[in-house]
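Asker: Okay, here's the structure, questions in a sec.
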Amino acid sequence: MRRLKRSIRKIFHLLLSPLVWRDFFRFRSVDKTGRFSSDFLDFYPKLLDKTVNTGFDRHYVYHTSWAARKLKEIAPEKHIDVSSSLYFAGIVSAFMPVEFYDYRPPALALDGLEVRRADLMSLPFPDGSVRSLSCMHTVEHIGLGRYGDEIDPDGDLKAIEELKRVLAPGGSLLFAVPVGRPKIMFNAHRIYSYDQIAGYFSGLDLKEFCLIPESSAGGGLVVDNARAMADREEYGCGCFWFVKK
């Protein structure tokens, strides 16, 4: 029954796109191999993929690429990540041991990767004990209830204090959040100004700030003039490399 319902939805979508029908019958007419079944009940129409360029989420492709490059430069013996992209943790674990902590730990099993549960507002590490730490595109959600966490307007600030607390002297923190005009897009995320983040992390040295502009017209990973550009963004992504004094 479930398969039939899915198929009815797929056929409905197909009815809206004559081009998909055209391609289907063209394929059927030239496919003489019989290697695969080609049944109407197995329709899985994709209507929006015939594009000149491959689309991608600028925030998530660029900020994880930025962080991987920073880790190559830092070259820690072990890295600890708190609730960043699973793609990032999984790929980096091929090159160095990674411990991944999340409020909702995923059922992910890979060599070099340990997955554990943790609350970002009460991290399970002693003061000043973590030498290589990341928390990217995460803090902006804390306290909004989106992921089952408690409503707390200062949840993000409490999470930031925890990151500062556990970071070891001389240790590196890779941190990323949306940047632009400060506001809450409830219940999705907060957007911060550059000065807000710099102030929240007072006491740490900012080794690098990199901006991912919302539009490709602004560039990819922007370092030069990134601070001046940041507050003009509507929904950019700010990547901060902090080092604890």
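Asker: Looking at the stretch 126-147, I want the residues that are without any contact (Cβ under 8 Å) to a residue 24 or more places away in the chain and closer than 15 Å to Tyr101 by Cα and have a partner that is part of a loop (DSSP other than H, G, I, E, B) and of a type in the set (D, E, K, R) with Cβ atoms under 7 Å, at least 6 apart or on another chain. Which pairs are those?
Answerer: Going by the 7 Å Cβ cut-off, the qualifying pairs are Ile142/Asp149.
Asker: Continuing with this model, one more query. If I go through the stretch 98-118 residue by residue, how many of them are under 23 Å from Ala168 (Cα atoms), modelled with pLDDT of 95 or more and of a type outside the set (Lys, Arg)?
Answerer: The qualifying residues number 10.
Asker: Within the stretch 220-245, take every residue that is of a type in the set (Gly, Ala, Ser) and not in a helix (DSSP H, G or I) and give me the one that is nearest to Val177 (Cα to Cα).
Answerer: Step one: of the stretch 220-245, the residues of a type in the set (Gly, Ala, Ser) are 220, 226, 228, 230, 236, 238.
Pick out the ones that are also not in a helix (DSSP H, G or I) and you get 220, 236, 238.
Details: Gly220: 16, Gly236: 9, Gly238: 6 Å.
Only one residue fits best here, namely Gly238.
Asker: Please give the helices (runs of 4 or more DSSP H) falling wholly within the stretch 12-108 in which 3 or more residues are open to solvent by 60 Å² or more (accessible area, probe 1.4 Å) and not aromatic (Phe, Trp, Tyr).
Answerer: Working: elements: 18-30, 58-74, 86-92.
Here the list reads 18-30, 58-74.
Asker: Here are some conditions: (1) outside any loop (DSSP other than H, G, I, E, B); (2) open to solvent by less than 20 Å² (accessible area, probe 1.4 Å). Gly143 meets all but one. Which one does it not meet?
Answerer: Among (1) outside any loop (DSSP other than H, G, I, E, B); (2) open to solvent by less than 20 Å² (accessible area, probe 1.4 Å), the lone unmet condition for Gly143 is (1).
Asker: Report yes if Ile151 is free of Cβ contacts under 8 Å to residues at least 40 places away in the same chain and either farther than 20 Å from Tyr60 by Cα or open to solvent by less than 60 Å² (accessible area, probe 1.4 Å) (or both), otherwise no.
Answerer: Yes: the conditions hold for Ile151.
Asker: Going through the stretch 193-219 one residue at a time, which ones are closer than 26 Å to Lys158 by Cβ, of a type in the set (S, T, N, Q) and either open to solvent by less than 30 Å² (accessible area, probe 1.4 Å) or touching a residue at least 60 places away in the same chain (Cβ under 8 Å) (or both)?
Answerer: Once the filter is applied, which keeps residues that are closer than 26 Å to Lys158 by Cβ, of a type in the set (S, T, N, Q) and either open to solvent by less than 30 Å² (accessible area, probe 1.4 Å) or touching a residue at least 60 places away in the same chain (Cβ under 8 Å) (or both), the stretch 193-219 yields only Ser193.
Asker: While we're here: Going through Arg117, Arg69 one at a time, which residue ends up being within 29 Å of Arg165 (Cβ to Cβ) and out of contact with any strand residue (DSSP E or B) (no Cβ under 8 Å at 6 or more places or on another chain)? If you could, list the steps in order and put the result at the bottom.
Answerer: Values: Arg117 fails: out of contact with any strand residue (DSSP E or B) (no Cβ under 8 Å at 6 or more places or on another chain).
Being within 29 Å of Arg165 (Cβ to Cβ) and out of contact with any strand residue (DSSP E or B) (no Cβ under 8 Å at 6 or more places or on another chain) holds for just one of Arg117, Arg69, which is Arg69.
Asker: In addition: Could you tell me whether the stretch 64-77 includes any residue that is in contact (Cβ under 8 Å) with a residue 24 or more places away in the chain and touching an Asp or Glu at 6+ places or on another chain (Cβ under 8 Å)?
Answerer: Looking through the stretch 64-77, at least one residue is in contact (Cβ under 8 Å) with a residue 24 or more places away in the chain and touching an Asp or Glu at 6+ places or on another chain (Cβ under 8 Å).
Asker: Consider Phe125 carefully, then state whether it is out of contact with any His (no Cβ under 9 Å at 6 or more places or on another chain), aromatic (Phe, Trp, Tyr), open to solvent by 10 Å² or more (accessible area, probe 1.4 Å) and on the phi < 0 side of the Ramachandran plot. Steps first, answer last, please.
Answerer: Working: out of contact with any His (no Cβ under 9 Å at 6 or more places or on another chain): yes; aromatic (Phe, Trp, Tyr): yes; open to solvent by 10 Å² or more (accessible area, probe 1.4 Å): yes; on the phi < 0 side of the Ramachandran plot: yes.
Spelling it out, Phe125 is indeed out of contact with any His (no Cβ under 9 Å at 6 or more places or on another chain), aromatic (Phe, Trp, Tyr), open to solvent by 10 Å² or more (accessible area, probe 1.4 Å) and on the phi < 0 side of the Ramachandran plot.
Asker: Then there's this: Of all residues in the stretch 214-234, which are under 30 Å from Arg131 (Cα atoms) and touching a strand residue (DSSP E or B) at 6+ places or on another chain (Cβ under 9 Å)?
Answerer: Answer for the stretch 214-234, where residues must be under 30 Å from Arg131 (Cα atoms) and touching a strand residue (DSSP E or B) at 6+ places or on another chain (Cβ under 9 Å): Gly220, Leu221, Val222, Val223, Asn225, Ala226, Arg227, Ala230.
Asker: Scan the stretch 220-234 for residues that are of a type outside the set (D, E, K, R) and surrounded by 16 or more Cβ atoms within 10 Å (Cβ to Cβ) and jot them down.
Answerer: As a first pass, look at the stretch 220-234 and keep what is of a type outside the set (D, E, K, R): 220-223, 225-226, 228-230.
Listed by number, the residues that qualify are Leu221, Val222, Ala226, Met229, Ala230.
Asker: Among the residues of the stretch 170-185, are any in contact with a Ser or Thr (Cβ under 8 Å, 6 or more places away or on another chain), open to solvent by less than 30 Å² (accessible area, probe 1.4 Å) and polar (S, T, N, Q)?
Answerer: The answer is yes, given that some residue of the stretch 170-185 is in contact with a Ser or Thr (Cβ under 8 Å, 6 or more places away or on another chain), open to solvent by less than 30 Å² (accessible area, probe 1.4 Å) and polar (S, T, N, Q).
Asker: Filter the stretch 154-169 down to the residues that are over 19 Å from Gly236 (Cα atoms) and open to solvent by less than 30 Å² (accessible area, probe 1.4 Å) and list them by number. So that I can check it myself, show each step before the final result.
Answerer: Kept after step one, since they are over 19 Å from Gly236 (Cα atoms), are these residues of the stretch 154-169: 154-155, 157-169.
Once the filter is applied, which keeps residues that are over 19 Å from Gly236 (Cα atoms) and open to solvent by less than 30 Å² (accessible area, probe 1.4 Å), the stretch 154-169 yields Gly155, Ala159, Ile160, Glu162, Leu163, Val166, Leu167, Ala168.
The values are calculated or read from the model by the stated rules, or taken from the named source; none is laboratory data. None of these values were measured; they are calculated from a predicted model. Glycine also receives a Cβ, built like all others from the backbone with ideal geometry; neighbour counts cover every protein chain displayed. Accessible surface is based on the protein model in full, side chains and every heavy atom, while ligands, DNA and RNA are left aside. Shrake-Rupley method; radii C 1.70, N 1.55, O 1.52, S 1.80 Å.
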